[in-house]
Structure formats: C-alpha cells, structure tokens
Amino acid sequence: MSFIHRLNSRWRRSWRSKQQQAKAEEPDHKLVLEQLDRQKAFYENILNKLPVDIAVFDAEHRYLFVNPGAIGNEEYRKYIIGKDDYEYAAYRKRDISVAHGRRAKFMEAKETGKEIRWEDSLRNPQGSTITHMRRMFPVYDENGELSLVIGFGIDITDRKIMEEKQAALVTQLSARNTQLIDFCSIVSHNLRAPLVNMSMLVDFIESSEDTEEQKMLISKLRPVVDNLHATFNELVESIQVRQDLEIKRENVSLDDCMQRTIDGLQTEINKLGARIETDFSEASVINYPPQYLNSIIQNLVSNSLKYHYPGRKPLISLKTQKMQDKIILSVSDNGLGIDLAKHKDNFFKIGKVFHRHPNAKGFGLYMTKTHVEAMGGRIWVESVPDEGSVFYIEFDNRIKQAS
Amino acid sequence: MKSIFLIDDDPIFVYLTRRIIGSINCPCEVHEFKDGELAISYLSQMREEADSLPDVIFLDLSMPVMDGWEFLNQYSELKPKLKKDIALFIVSSSISPQEVERSKNYLAVTDFLIKPVEKGKLAEIMGNEKEPTG
C-alpha cells in the first residue's frame with residue numbers, strides 16, 4: 001500500500017466516523033467517494049508538483065513515497081517503493097557510498113529524534129555539480145512510536161555557486177587590501193621622504209641670504225626631484241600591471257627577449273666583463289604579454305649584474321625547463337647572494353633592499369613578482385650568500401583563449 | 001659636548017638635519033650610519049665605553065640591509081648592556097598610524113617623530129638631554 005493510500009485510508013476512516021456522527025441516516029456513498037478521489041488527487045498533485053525532493057521512509061528506512069522532484073523517472077519511482085537505498089543503488093548500478101551516507105543520516109534522525117540538516121553535492125549526468133540542502137525529521141504516532149521519517153531537499157546549486165564566487169571575491173579583495181597597505185606604506189616612505197626633503201630645502205633656500213649657499217642648496221634639489229620622479233613612475237607602473245587584467249598574450253621568443261636585454265645592458269656587461277649563457281632548448285617560446293616578459297628578464301639580469309661579487313666576473317645563465325603545462329625559467333648568477341634565513345619573508349616585498357647599493361630602491365623584484373603573478377605564475381629564489389642566487393619563474397603554458 | 005647618532009640612509013635628510021642641529025646653540029657632534037646593521041655593530045662594539053656612546057639616537061625606519069624595526073629588535077636586547085642611558089627617537093617620513101602603534105611595543109623608543117622635524121623640537125630634545133637622566 002502506498003504512502004498516499006495509507007494516508008487516504010486514515011483520512012477516510014476519520015472522515016467516515018465524523019460523517020456517521022453527523023448524519024447517522026444513510027450516507028451517499030458515491031458522492032463521498034468522488035469527493036475523496038478529488039481530495040486525493042489534489043494532495044498528490046501538490047506533493048508531485050512541489051519543486052523539492054520529498055521522500056518518506058518507514059522506521060526501517062524503506063521508501064514509502066518519493067515525488068517526481070526526487071526521482072524523475074516513473075519506472076524508478078515505482079521500483080523504489082518498499083526498497084531501501086542499498087537495493088536502489090544496486091538496481092541503478094550506482095556507487096554504494098551514497099547509500100551508506102543516507103543510512104547514516106537516517107540513523108542520526110531516528111536516534112536523536114530530532115530534525116537534522118545537511119548539504120550534499122552530487123555530479124549530475126551532465127557532469128556539473130548539484131548541491132542540495134537536505135532535512136530529515138522523524139514523525140511519531142499517538143503512542144510515541146516512530147511511524148515515518150520525512151526527508152526533503154531543495155536544490156541550492158545557484159546559491160552554492162554564488163557562495164563560491166563570493167568566497168573567491170573575498171580572497172581577491174583581501175589580497176587587494178594587502179596590496180593597498182603595501183602601497184600606502186610605500187607612498188608614505190618613498191614618496192613622502194623626498195617631498196619632505198624638498199620642502200626643507202626650499203625653507204633653507206628662502207631663509208638664506210647668501211647667494212652661494214642658495215646655489216648650493218638648489219643643486220641639492222635636482223637629485224631629490226629625480227628620485228621622486230622615478231619612484232612615482234615605478235608606482236604608477238605597478239598599479240597599471242594590477243589593472244591590466246585584459247592584457248594580450250603573444251608567443252614571445254626568449255632569444256629575442258634576451259637580445260633586447262643584452263642590448264639595453266651592454267655598457268654594464270662590457271664594464272664588468274660579464275658572461276651570459278642561455279639554454280632555451282626545452283622551451284624557446286613563451287605565451288606571455290611581451291612587455292611583461294621583457295621586464296622580467298631585464299630586471300633579473302640587471303639585478304645579477306648590479307649585485308655581482310666584487311672582483312669576480314659575473315656569469316649569468318638562463319635556462320628553460322618544460323614540465324607538463326608549465327615552463328620554468330631559471331636565472332642563476334655567481335653574485336653576492338642573499339641571506340634567505342634573514343630575508344625570506346619579505347624577499348619580494350616592495351621597498352625591501354638587501355645590499356648597500358646606491359641604486360637599490362626595492363622596486364625591481366616587487367615589479368617582477370607583480371608581472372609574474374598577474375599572469376598566474378610563481379616566482380621563488382634559492383641563494384647562498386657570497387656564492388650566488390638562482391631565481392625561478394614558473395609560467396602557466398596552457399594557451400589561454402582571449403575572451 | 002653631546003653625541004648624536006643619525007641612523008638614516010638618505011644623504012639629503014642627514015645633511016639637512018646636521019644643518020638644523022648646527023643652527024641650535026648646543027655644542028654637539030653628529031655621527032651618521034647608513035643602515036641599522038652598521039649602527040648596531042658599532043654600538044655593540046662600544047657598549048662598555050660610555051664616552052663612545054651617543055646621548056641621542058635618531059632612527060629612520062626605511063633603510064637597506066637592516067631596517068629600523070630590525071635595528072630596534074636587536075637594540076632592545078643590547079640596551080641593558082650599554083654603559084650609557086640613550087634616548088632614542090624614531091624619525092620617519094611615515095605617517096602610518098600602524099607604525100606609530102608598533103613603535104609603542106619598544107620600551108627603548110622615547111618618541112616617534114614624523115619628518116620634517118622642526119628646529120624647535122630638536123632644540124627641545126637637546127635641551128632635555130642636558131639634564132643627567134641616570
């Protein structure tokens with residue numbers, strides 16, 4: 001007997017007894033049965049049309065009723081009545097773990113006697129993940145015996161997708177916030193410092209009456225203004241990288257990139273007698289925004305030259321390695337190296353400078369990191385003080401289609 | 001004669017501060033260190049020699065190699081071993097309230113000064129330092 005029938009017979013009994021009390025004479029049987037059928041159709045229709053999954057179990061976790069929201073196929077829906085999830089899983093040749101999970105929830109509801117709630121995610125035949133918010137609660141009869149357990153589920157896939165999007169957004173926002181704090185600190189230190197110097201110099205110039213002294217003070221303004229200008233440009237550049245989310249990738253030849261870098265640094269290379277070796281045999285082309293790749297290589301090579309070990313001719317080698325859908329570019333040198341034990345945490349931070357060098361501002365590696373991460377890559381370093389450093393950059397080499 | 005240590009990598013600011021100190025009527029000598037590491041190794045070497053230690057330290061925060069914060073970490077450990085009581089002022093171009101708060105964690109810090117430091121403020125510091133502090 002189906003669940004609906006059972007309910008109906010219960011209603012019918014109570015309805016009858018009321019009718020008998022009210023009208024003891026002779027009930028019009030035909031009319032009553034018609035009314036009952038209409039009622040049955042009415043309630044069944046509601047249960048069947050509700051856009052939720054409804055399943056009703058007996059005390060042994062056997063199905064008494066499922067609506068089309070839970071099982072769309074009529075044949076399967078008929079099969080399951082009187083069966084449990086294990087039998088159904090075998091019938092549908094499905095993984096038994098789902099049945100284990102449902103049994104555990106059922107036992108929880110049965111044993112606690114309380115409503116339980118959970119979320120579950122399943123892959124539908126189309127391969128997308130469907131998430132349901134499920135509830136299950138026991139129903140007791142007049143004697144306090146467990147008569148039914150009702151379960152229902154609502155598809156919350158849309159909400160789930162939204163939640164995931166929001167979580168991703170929160171992560172992105174907090175990363176942006178960290179950048180903003182970095183940025184404030186850099187504005188404060190690197191932009192405000194030269195401004196303070198300028199205003200102090202101007203104060204001195206104004207209060208001085210000695211022309212020679214004034215000239216000397218004015219000559220000190222030039223490097224401060226230049227420094228402010230350079231810092232400002234680098235900051236603007238770093239913001240632009242962060243905003244350039246739609247930047248175009250191209251197939252960039254590493255040899256071309258190298259040539260450009262060597263041309264730009266020729267004077268220093270000659271002065272130091274530096275040797276530069278390249279081995280791009282594994283990967284000679286990287287799909288990347290050309291200006292970013294140029295900037296990355298130019299920056300790393302120029303760092304290797306800048307922080308060469310005094311009296312040792314710089315030897316810089318660049319090499320690519322191909323790994324599945326990634327390309328790793330390494331840039332190694334025999335320079336000063338860096339004490340990573342001391343500086344590991346802030347290695348690529350803006351404004352961090354590790355050597356006493358007049359032109360070190362702490363922007364180079366920060367910019368390189370920005371250029372790498374903006375395109376979903378990674379950068380890291382290995383180094384031994386007084387022996388040299390190796391920088392590694394991992395590029396995502398899956399060709400991305402421009403949307 | 002007062003001894004002042006300027007720990008700051010910015011040559012223009014050091015030059016300007018020297019000029020302001022020079023214009024205050026207070027006989028003193030100024031030593032400069034271009035980063036925290038140079039200063040801490042000097043202080044550590046001279047910790048027993050009160051005559052070689054400064055009366056006042058002006059410390060910048062943003063410096064290469066060893067910045068002001070790392071200097072403060074090491075200086076806080078060194079301070080009890082120093083044969084002189086030294087007043088230490090952070091002198092920074094930073095206007096970040098977080099940095100001011102952070103500096104309060106260091107007992108060794110007398111005050112946080114934001115650049116530019118007025119002549120009057122410097123004179124006051126030098127004046128206060130005339131009194132033997134201990």
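Reported count of residues in the range A:303-324, each being touching a helix residue (DSSP H, G or I) at 6+ places or on another chain (Cβ under 7 Å), open to solvent by less than 30 Å² (accessible area, probe 1.4 Å) and not in a strand (DSSP E or B), is 3. Scanning the range A:181-226 for residues being assigned to a loop (DSSP other than H, G, I, E, B) and open to solvent by 50 Å² or more (accessible area, probe 1.4 Å) gives a total of 2.
Taken over the range A:233-289, the criterion of being under 25 Å from the mean Cα position of the chain (by Cα) and either of a type in the set (Lys, Arg) or within 30 Å of A:Tyr309 (Cα to Cα) (or both) is satisfied by A:Ser238, A:Arg242, A:Lys248, A:Arg249.
For the range B:1-28, filtered to residues that are loosely packed, with under 15 Cβ neighbours inside 10 Å and farther than 22 Å from A:Glu213 by Cα, the residue that is nearest to the other protein chains (Cβ to nearest Cβ) is B:Pro27.
A:Ser185 fulfils the conditions (1) in contact (Cβ under 8 Å) with a residue 24 or more places away in the chain; (2) of a type outside the set (Val, Ile, Thr); (3) under 23 Å from A:Lys220 (Cα atoms); (4) facing chain B (nearest Cβ under 8 Å) except for a single criterion, (3).
Here's the yes/no breakdown for (1) open to solvent by less than 40 Å² (accessible area, probe 1.4 Å); (2) under 23 Å from A:Asp203 (Cβ atoms); (3) more than 12 Å from chain A (Cβ to nearest Cβ):
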{"residue": "B:Pro54", "(1), (2), (3)": "yes, no, yes"}
{"residue": "B:Gly68", "(1), (2), (3)": "yes, no, no"}
{"residue": "B:Lys79", "(1), (2), (3)": "no, no, yes"}
{"residue": "B:Asp85", "(1), (2), (3)": "no, no, yes"}
{"residue": "B:Glu101", "(1), (2), (3)": "no, no, yes"}
{"residue": "B:Val109", "(1), (2), (3)": "yes, no, yes"}
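Please state which one of A:Val32, A:Val66 is surrounded by 13 or more Cβ atoms within 10 Å (Cβ to Cβ), farther than 22 Å from A:Met136 by Cβ and hydrophobic (A, V, I, L, M, F, W, C). Walk me through how you get there before you give the answer.
On the way: A:Val66 fails: farther than 22 Å from A:Met136 by Cβ.
From the options A:Val32, A:Val66, the qualifying one is A:Val32.
Taken over the range B:1-53, the criterion of being closer than 16 Å to B:Lys84 by Cα and outside any helix (DSSP H, G or I) is satisfied by B:Met1, B:Lys2, B:Ser3, B:Ile4, B:Phe5, B:Met46, B:Arg47, B:Glu48, B:Glu49, B:Leu53. A search for C-beta distances below 6 Å between a residue of the range A:59-87 that is more than 15 Å from A:Arg102 (Cα to Cα) and any residue that is of a type in the set (Phe, Trp, Tyr), counting only pairs 6+ apart in sequence or on different chains, returns A:Leu64/A:Phe3; A:Phe65/A:Phe3; A:Ile81/A:Tyr63.
Residues that are open to solvent by less than 80 Å² (accessible area, probe 1.4 Å), aliphatic (A, V, I, L, M) and farther than 26 Å from A:Ser147 by Cβ within the range A:84-121 comprise just one, A:Ala90.
Within the range B:1-53, which residues are aromatic (Phe, Trp, Tyr) and farther than 24 Å from B:Ile114 by Cα?
The one that is aromatic (Phe, Trp, Tyr) and farther than 24 Å from B:Ile114 by Cα: B:Tyr42.
Every residue, every condition in (1) within 25 Å of A:Gly69 (Cα to Cα); (2) out of contact with any strand residue (DSSP E or B) (no Cβ under 7 Å at 6 or more places or on another chain), yes or no:
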| site | (1), (2) |
| --- | --- |
| A:Ile116 | yes, no |
| A:Glu119 | yes, no |
| A:Gly127 | yes, yes |
| A:Glu142 | no, yes |
| A:Ile154 | yes, no |
| A:Gln172 | no, yes |
| A:Phe183 | no, yes |
| A:Arg192 | no, yes |
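So which residues in the range A:69-83 are of a type in the set (A, V, I, L, M, F, W, C), open to solvent by 50 Å² or more (accessible area, probe 1.4 Å) and under 18 Å from A:Asn124 (Cα atoms)?
Step one: of the range A:69-83, the residues of a type in the set (A, V, I, L, M, F, W, C) are A:70-71, A:80-81.
So of that shortlist, the ones also open to solvent by 50 Å² or more (accessible area, probe 1.4 Å) come out as A:81.
Result: no residue meets the conditions.
Of all the listed residues (A:Ile286, A:Ile297, A:Ile276), the sole one being assigned to a strand (DSSP E or B) and out of contact with any Phe, Trp or Tyr (no Cβ under 9 Å at 6 or more places or on another chain) is A:Ile276.
Tallying residues that are of a type in the set (Ser, Thr, Tyr) and open to solvent by 10 Å² or more (accessible area, probe 1.4 Å) within the range B:87-99 yields 1.
Total residues in the range A:103-117 satisfying the condition of being of a type outside the set (Gly, Ala, Ser) and closer than 23 Å to A:Glu87 by Cα: the figure is 7.
The values are calculated or read from the model by the stated rules, or taken from the named source; none is laboratory data. All values derive from a computational prediction rather than experimental measurement. Counting neighbours? That spans all protein chains shown, and the Cβs are built from the backbone with ideal geometry, glycine included. The protein model used for the area step is the full one, side chains on, heavy atoms only, and it has no ligands, DNA or RNA in it. Shrake-Rupley method; radii C 1.70, N 1.55, O 1.52, S 1.80 Å.
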